[in-house]
Amino acid sequence: METEQAQASSARCDHIVAAALACFAAKGVGATTIADIRARSGASTGSIYHHFGDKDGIAGRVYLAVLRQYQESYLTNLKRCRAAEDAVKTSVRHYLNWVVRNIDAARLLTEMRRVPQVMAADADIRAETRDFFDAANGIFRGFIARGEMRDVPPHLLPALLVAPCAAVAQRWIEGGRSGDLSRDARELG
């Protein structure tokens, strides 16, 4: 019985987070109200406050949910790579393809990180990010150990792999989504 209740509660939270993501994408975090999220999710105001506390709590959870979704899908793809070159190309393709498939989530990841409502979850975001980079770096360290990659300090790997993708994706998002990110992924890879 408790498991069913926990699953129902988790599903309710996921539904509220999805509704909040849609509201934040449409109106921005600052302009979105609890009433907007309640109307979109169908959840009661009491349920929203019970699960998240306030709008800051929701904003932090939305950011973390989107971040986790990206990180989990990336690590799943990266773990399949058997060679360093494939891992680098997979990293680039995954980032840009994920942006295309998840435009609202990608926009929110880039635009929301320093929003005060999200900063309330800063410790959790930093912990998630640290764990993610540790996992990704562990995979790349294997390629380095086999001599397939130069020994790059772990703190530089994200800058080398993600920063160029982030710049291309941001320009694509801000430029009205003109251009071909699949072609860009091939070039960057």
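The values are calculated or read from the model by the stated rules, or taken from the named source; none is laboratory data. It should be emphasised that the depicted structure is a prediction, and the values quoted were computed from it without experimental measurement. No Cβ is skipped: glycine too gets one built from the backbone with ideal geometry, and neighbour counts run over all protein chains shown. Ligands, DNA and RNA are excluded from the accessible area calculation, which covers all protein heavy atoms including side chains. Shrake-Rupley method; radii C 1.70, N 1.55, O 1.52, S 1.80 Å.
Quick notes on this one:
Conditions (1) within 22 Å of Asn137 (Cβ to Cβ); (2) under 12 Å from the mean Cα position of the chain (by Cα), marked per residue:
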| residue | (1), (2) |
| --- | --- |
| Ala22 | no, no |
| Ala25 | no, no |
| Arg38 | no, no |
| Asp56 | no, no |
| Leu67 | yes, yes |
| Gln71 | yes, yes |
| Arg80 | yes, no |
| Thr90 | yes, no |
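- Of residues in the stretch 47-74 being polar (S, T, N, Q) and out of contact with any Ser or Thr (no Cβ under 9 Å at 6 or more places or on another chain), the one least open to solvent (accessible area, probe 1.4 Å): Ser73
- Scan of the stretch 37-46 for residues that are open to solvent by 40 Å² or more (accessible area, probe 1.4 Å) and either on the phi < 0 side of the Ramachandran plot or touching a strand residue (DSSP E or B) at 6+ places or on another chain (Cβ under 6 Å) (or both), ordered by number: Arg38, Ala39, Arg40, Ser44, Thr45, Gly46
- Flag for Glu111 being open to solvent by 30 Å² or more (accessible area, probe 1.4 Å) and either without any contact (Cβ under 8 Å) to a residue 12 or more places away in the chain or within 23 Å of Leu181 (Cβ to Cβ) (or both): yes
- Screening the stretch 148-163 for residues that are without any contact (Cβ under 8 Å) to a residue 60 or more places away in the chain, in contact with a helix residue (DSSP H, G or I) (Cβ under 9 Å, 6 or more places away or on another chain) and open to solvent by less than 80 Å² (accessible area, probe 1.4 Å) and picking the one that is nearest to Ala25 (Cα to Cα) gives Pro158.
- The single residue among Asp122, Asp131, Asp104 that is among the acidic types (Asp, Glu), over 13 Å from Val66 (Cβ atoms) and open to solvent by 40 Å² or more (accessible area, probe 1.4 Å) turns out to be Asp131.
For (1) of a type outside the set (Phe, Trp, Tyr); (2) closer than 30 Å to Cys23 by Cα, each residue gets a yes or a no:
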{"position": "Thr110", "(1), (2)": "yes, yes"}
{"position": "Asp122", "(1), (2)": "yes, yes"}
{"position": "Glu128", "(1), (2)": "yes, yes"}
{"position": "Phe140", "(1), (2)": "no, no"}
{"position": "Arg150", "(1), (2)": "yes, no"}
{"position": "Pro154", "(1), (2)": "yes, no"}
{"position": "Asp180", "(1), (2)": "yes, yes"}
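- Contacts under 9 angstrom Cβ, first residue in the stretch 72-100 being among the basic types (Lys, Arg), partner outside any helix (DSSP H, G or I), 6 or more apart: Lys89/Cys81; Lys89/Gly189; Arg93/Gly189
- Wholly enclosed helices (runs of 4 or more DSSP H) of the stretch 132-189 bearing at least 1 residues modelled with pLDDT of 90 or more and closer than 23 Å to Arg107 by Cα: 163-174
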